[in-house]
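Each reported figure results from applying straightforward, stated rules to the coordinates on display, with no laboratory input. Just so it is clear, the structure is predicted and the values come from calculations on it, not from any experiment. Neighbour counts run over all protein chains shown; Cβ positions are idealised from the backbone, glycine included.
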Amino acid sequence: MTDATRGMVEPQAVGRPLERLLSGPRPSFDEANELVRKRYAREARFRMMGLGAIIVAMSLLGLLLLSVATQGYRAFWQTYITLDIALPQEEIDPEGTGGPDVIGRANFQGLINDTLYAMFPDVEDRREKKALRGLVSSGAALDLRDRVMADPSLIGSDHAFALVASDDIDQLVKGVIDRNVAESERRVKDHELAWMDVLEADGRVETRFNTILFTHGDSREPELAGIWGAVVGSFYMMLVTLFLAVPIGVASATYLEEFAPKTRLTDFIEVNINNLAAVPSIVFGLLGLAVFLQVFHLPRSAPLVGGLTLTLMTLPTVVVATRAALRSVPPSIREAALGMGASKVQAVAHHVLPLALPGILTGSIIGMAQALGETAPLLMIGMVAFIVDIPATPLDPATALPVQIYLWADSPERAFTERTAAAIMVLLAFLILMNALAVFLRRRFERKW
Amino acid sequence: MRKILLSTAALAAIAAAGEAQARDQIRIVGSSTVFPFSTAVAEQFGNKTDFATPVVESTGSGGGLKLFCEGVGENTPDITNSSRRIKSSEVELCATNGVKDVTEVKVGFDGIVLANSKEGPKLNVSREQIFLALAKQVPVDGQLVDNPYTNWHEIDASLPDEKIEVLGPPPTSGTRDAFVELVMEEACESFPEIEALDGDAKDAACATMREDGAFIEAGENDNLIVNKLKENPVALGIFGFSFLDQNLDVMQGSQVDGVDPTFDAIAAGDYPVSRSLYFYVKNAHADVVPGIREYIAEFTSDAAFGDDGYLADKGLIPLPEEDREEVRSQANNLQPLSL
């Protein structure tokens, strides 16, 4: 570069400040100011973009939560219709034995029907009678039976019972079904509206907190469907996962990190554990099907198998988190312990592991939370199924919470829409709780070095 | 290390217990279309009898028959639901795996509707017009060409001046199979240009849906299609009758060949796009797994699949009365299927 060219500003170099600085003359004060201004502007733009990304993400999340909450809140209430039902001794328990098997076999549906017919004596047409019976849920008779069995002294007199209304009536009372559309396009017909108006004027219709949603298993009738079966199924699966994934994961991570010699083999294992963490979850489902069902012949749809499959999925997460936690414990701790005459195992078990515990717990809880939200691996092992009975052991057929959401979302009945959203809210609450626990444990036990 | 040993031992113990425990509940797999009906019967059966409530999985018709034909034994399902008849290849597969006697039970009909939002125009289409709107290749002036139609109006002057936009199920769905069979393949026969083709080329021309954006595969979930249609009044959707029945306040079904998709029209066989629904029972299991005979009796009782039964409330379209009698006696006697 000669002195002659040094004084000239080449036009194409204007946009490339670094090159200009290196090749051109020393920039003037104004030029330098200009460069600084540009740099600040770029920085401001970068910050704005970051902020924009966060705003977009937050508003999408807000939108999701809002739509779930606005749809789901209604499911926490359920309409009940109060009827004065006569419980004649001669129909329920003619011999006065009081035995549960005698009372259990009585025709409680008939008693409910008779009460309704007596309240609306003009209804004679067969189809209309069917519609009248349909105001209360088909599950109301079972509920009435259980209540009478629990208290046989009710038999022989009249009592007011609040009975679960059917899903269409419930939707009508909640205002989801619009009274003002033409009758042919409405699930609830004009005569049903008239009956409901009479019942409402009598003060017999009320909405209560929906305990069924939290205490029952699945049902094809939306008003009788609950998430308890799925919650229990998820609980058993989490239990199996917790007791297998955490000990195995922590043990293998500790061995690999603290004891194993650095050889090609351990490197190979390390790379593969990291790879496993990225494998799509459906693959673990296929593995579960091939190993646990086809080789070990464990029962289909059982939470035990679900838990084992989710263990496979959670293991890499636990191993990776544990190794990171162990690595963050300073070597001076190990060296001090060894220097005081502790054996390798003592140094690890007494000093390193307890100090790494917050990190291990956080990793494990986040892995478990991931497993709680999985449906794909469960599909292959038959847990995506309609199961009414609440599982009593991890070997009984069961579903999981996310599966229940999936099944309800696929159901034609309109009342399942709000229950789907309610189940999503419950699942989200569990996930937030688990993540909050992870944050709490980290805050509480974290050590700064 | 001791922990690992302990948990392995615990696992082995649980596994052994699982092996020893005999299955006491019925296992049902199969079609997602029959699923809502099958589960309703399972629930009633569980409430009415002392047997455990059957476990029902929704695996699709093909997937269900595959599991069903895997063999006889505790780890195979007892019953599979199907939204189409069992194929002869599947009967052979069953037989080679030792599933010899299978009882077929026809339970009713399901209509497939072409529907749109009430805000849009109500259509009256023929199956030929649906074919012209949705097939990948259509005959124009004696030649098979890539589907040129973008507006219903172009197909026939009687149809509304609206863009062709149809949301439908993906090829994995039984509803799609039935739609292709009942609409596309039927309509195809009235076009001499396609009839002139031979074998495979003809099948492909009849069954291939267009891929240029006018037909959109909207996923297996019919509720999702209904929701998308509410947002977009121009679009039409293809889904099962029960979903139209539940959403009649916002959706309208198009007339096909001049017939409205109503409960009565489908039951009478007037509405052309309807199919039969079935379930298949493994006879070898009937005396091993408790409750199978009682489950069949519950499903084929008039309280369930009759004209006023609870399955009709769920959207199943009942068989005519005389057919029901026949189905009931064949099913309760476990009369083996012969194709």
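Please name whichever of A:I273, A:A376, B:S329 sits farthest to the positive end of the charge dipole of the protein assembly as shown, dipole taken about the Cα centre and charges placed at Cβ: Lys and Arg +1, Asp and Glu -1.
Among A:I273, A:A376, B:S329, the one farthest towards the positive end of the dipole of the protein assembly as shown is A:I273.
Say a paramagnetic label sat at a point 7 Å from the Cα of B:K230, along Cα to Cβ; which residues of the range B:115-130 have their backbone N under 20 Å from it?
Flagged as within label range: B:115-122.
Would you mind calculating the gained length between A:V279 and A:T215 on full extension (0.36 nm times residue separation, minus the Cα-Cα distance), in nm to one decimal?
19.4 nm
Which order do A:M49, A:M380, A:M149 fall in if you start with the one that has the fewest other Cβ atoms within 10 Å?
A:M49, A:M149, A:M380
Could you pull out which residues in the range A:223-267 have an amide N less than 19 Å from a spot 7 Å beyond the Cα of A:E335, following the Cα-Cβ vector?
A:258-259
Holding the Cα-Cα limit at 20 Å, pick out from B:K136/B:K230; B:K100/B:K282; A:K189/B:K48; A:K130/A:K174 the pairs that are longer than that.
Flagged as over cut-off: B:K136/B:K230; A:K189/B:K48; A:K130/A:K174.
Using the Kirkwood radius built from alpha carbon pairs, what does the Stokes-Einstein equation give as D for the protein assembly as shown at 25 °C and 0.890 mPa s, in µm² per second?
So the translational diffusion coefficient is about 80 µm²/s.
Using a 10 Å cut-off around each Cβ, can you sort A:M340, A:M368, B:M209 from fewest to most neighbouring Cβ atoms?
Fewest-to-most ranking of A:M340, A:M368, B:M209: A:M340, B:M209, A:M368.
Compute the FRET efficiency between A:L433 and A:D125 as 1/(1 + (r/R0)^6), taking r as their Cβ-Cβ distance and R0 = 45 Å, and round to the nearest 0.05.
Plugging the Cβ-Cβ distance into 1/(1 + (r/R0)^6) gives 0.30.
Could you work out how much longer the chain between B:E70 and B:D257 gets when fully extended? Use 0.36 nm per residue separation minus the Cα distance between them, nm to one decimal.
63.1 nm
Under a point spin-label approximation (7 Å from Cα along Cα-to-Cβ), what is the B:N332-B:E195 distance to one decimal in nm?
Using points 7 Å along Cα→Cβ, the separation is 4.7 nm.
Quick check: Cα centre of the range B:74-102 to Cα centre of the range A:422-449, how many Å?
Between the Cα centre of the range B:74-102 and that of the range A:422-449, the gap is 48 Å.
Please get the size of the charge dipole for chain A, origin at its Cα centre, with Cβ charges of +1 on Lys and Arg and -1 on Asp and Glu, quoted in debye to the nearest 20.
So the magnitude is around 3420 debye.
From the backbone phi of the range B:288-301, what are the Karplus-calculated ³J(HN,Hα) couplings (6.51 cos²θ - 1.76 cosθ + 1.60, θ = phi - 60°) in whole Hz, Gly and Pro given as x?
9, 8, x, x, 5, 4, 5, 5, 4, 4, 5, 4, 8, 7
Test of understanding: ordering A:E124, B:E186, B:E294, A:E374 by Cβ neighbours within 10 Å, fewest first, what list do you get?
Ranked by crowding around the Cβ, least crowded first: A:E124, B:E294, B:E186, A:E374.
Would you mind pulling out the separation of the Cα centroids of the range B:136-167 and the range B:279-339, in Å?
43
Can you work out the FRET efficiency for the pair B:E119 and A:A69, with r the C-beta to C-beta distance and R0 = 22 Å, to the nearest 0.05?
Once rounded, the FRET efficiency stands at 0.20.
Give the Rg/Rh ratio for the range A:76-217, taking Rg as the radius of gyration of the Cα atoms and Rh as the Kirkwood radius, to two decimals.
For the range A:76-217, the value is 0.99.
Evaluate the charge dipole of the protein assembly as shown about its Cα centre and quote only its size in Debye, nearest 20, assuming +1 on the Cβ of each Lys and Arg and -1 on the Cβ of each Asp and Glu.
That gives the protein assembly as shown a dipole magnitude of about 5740 debye.
Taking A:K344 as the anchor, which lysines have their alpha carbon closer than 20 Å to its alpha carbon, excluding any fewer than eight residues away along the same chain?
Within the straight-line cut-off, A:K344 pairs with A:K262, B:K3.
Taking springs between alpha-carbon atoms closer than 10 angstrom, which of A:M425, A:M383, A:M48 fluctuates most in the Gaussian network model of chain A?
Fluctuation is largest for A:M48.
Spin-label point model (7 Å from Cα, Cβ direction): what's the B:D270 to A:A376 distance in nm?
4.8
Suppose only helical runs count, i.e. DSSP H with n ≥ 4. What mean residue ellipticity at 222 nm does that imply for the protein assembly as shown under -39500 (n - 2.57) per run, divided by all residues and rounded to the nearest 500 deg cm²/dmol?
Roughly -15000 deg cm²/dmol at 222 nm, from the helical runs in the protein assembly as shown.
Rg(Cα) of the range A:228-445 divided by 2.2 N^0.38 Å?
Computed over Cα atoms of the range A:228-445, the ratio equals 1.16.
Using +1 at the C-beta of Lys and Arg and -1 at the C-beta of Asp and Glu, which of A:G226, A:M149, B:S61 has the Cα lying farthest in the positive direction of the dipole of the protein assembly as shown?
A:G226
FRET efficiency for A:L35 and A:R442, Cβ-Cβ distance as r, R0 = 30 Å, nearest 0.05?
0.10
How many nm separate the modelled label positions at A:V345 and A:D158, each set 7 Å beyond the Cα in the direction of the Cβ?
A separation of 7.9 nm, rounded to one decimal place.
Based on alpha-carbon centroids, what's the gap between the range A:244-293 and the range B:220-249 in Å, whole number please?
One Cα centre to the other: 45 Å.
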